[in-house]
Amino acid sequence: MTDNANVTPFTLSRSFDAPRDLVWEAFTTLEHLEKWWGPKGFAIRSARLEFRPGGMFVYAMEAGGQTMWGRFVYREIEAPGRIVFVNSFSDAEGGLTRAPFADTWPLEILNTWTFTESGGQTTLDIHGVPLNANAVETAVFLAGFPSMQMGFGGTLDQLAAHLASQG
């Protein structure tokens, strides 16, 4: 197993024309998450949220007849500035599963997302590292950065549109 402290993290920063409280709400309430979460082209079909340390967000993303389940297991919540969670693929009950696209993708990714506000804009900083990954899983994670940039880019585009629709 690889010590994630020595792994180059996946990082992404994105600013939104919205106050931090609204952006926080978009990440922490099911009513908002169902409208924007997931890669472009995918729709949230089923979801449940227990937003608390130890709680889970379990969701199904569907596109083109394909369904993928995912989950967040929340570790730390510091409203409205920071969320630490472990992200994984899952089954419908929230049980841990391998990624449907690669058996060598890490089972778990430890994420720290911070929200800062300045001048009416909110910046989201994403930091993710594989958790308890072996050398092959870590290499696959590192090679996946361009794909993750694209996937998160589309997801965050959807968030920006959702925030704009909130008036």
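The single condition among (1) in contact with a Phe, Trp or Tyr (Cβ under 6 Å, 6 or more places away or on another chain); (2) within 19 Å of His32 (Cα to Cα) that Gln121 does not satisfy is (1).
Of the residues making up region 51-91, those that are outside any loop (DSSP other than H, G, I, E, B), open to solvent by 40 Å² or more (accessible area, probe 1.4 Å) and of a type in the set (Lys, Arg) are Arg75, Arg82. None of Phe115, Phe27 is within 30 Å of Gly167 (Cα to Cα), assigned to a helix (DSSP H, G or I) and open to solvent by less than 70 Å² (accessible area, probe 1.4 Å) except Phe27. Of all residues in region 26-42, those that are at pLDDT below 95, small (Gly, Ala, Ser) and within 18 Å of Trp113 (Cβ to Cβ) total 1. Any residue that is within 23 Å of Asp125 (Cβ to Cβ), touching a strand residue (DSSP E or B) at 6+ places or on another chain (Cβ under 6 Å) and acidic (Asp, Glu) - is there at least one of those in region 23-34? No, region 23-34 has no match at all. Taken over region 66-83, the criterion of being over 17 Å from Trp37 (Cα atoms) and among the aliphatic types (A, V, I, L, M) is satisfied by Ile77, Ala79.
For residues in region 86-103 being in contact with an Asp or Glu (Cβ under 8 Å, 6 or more places away or on another chain) and of a type in the set (A, V, I, L, M, F, W, C), which is farthest from Asn132 (Cα to Cα)? Restricting to residues being in contact with an Asp or Glu (Cβ under 8 Å, 6 or more places away or on another chain) and of a type in the set (A, V, I, L, M, F, W, C), the top hit is Leu96.
The values are calculated or read from the model by the stated rules, or taken from the named source; none is laboratory data. Since this is a predicted model, take the numbers as computed values, not measurements. Using ideal geometry, Cβ is built from the backbone for each residue, glycine included, and neighbour counts are taken over all protein chains shown. Side chains are part of the model used for accessible areas, which takes the heavy atoms of the whole protein and leaves out ligands, DNA and RNA. Shrake-Rupley method; radii C 1.70, N 1.55, O 1.52, S 1.80 Å.
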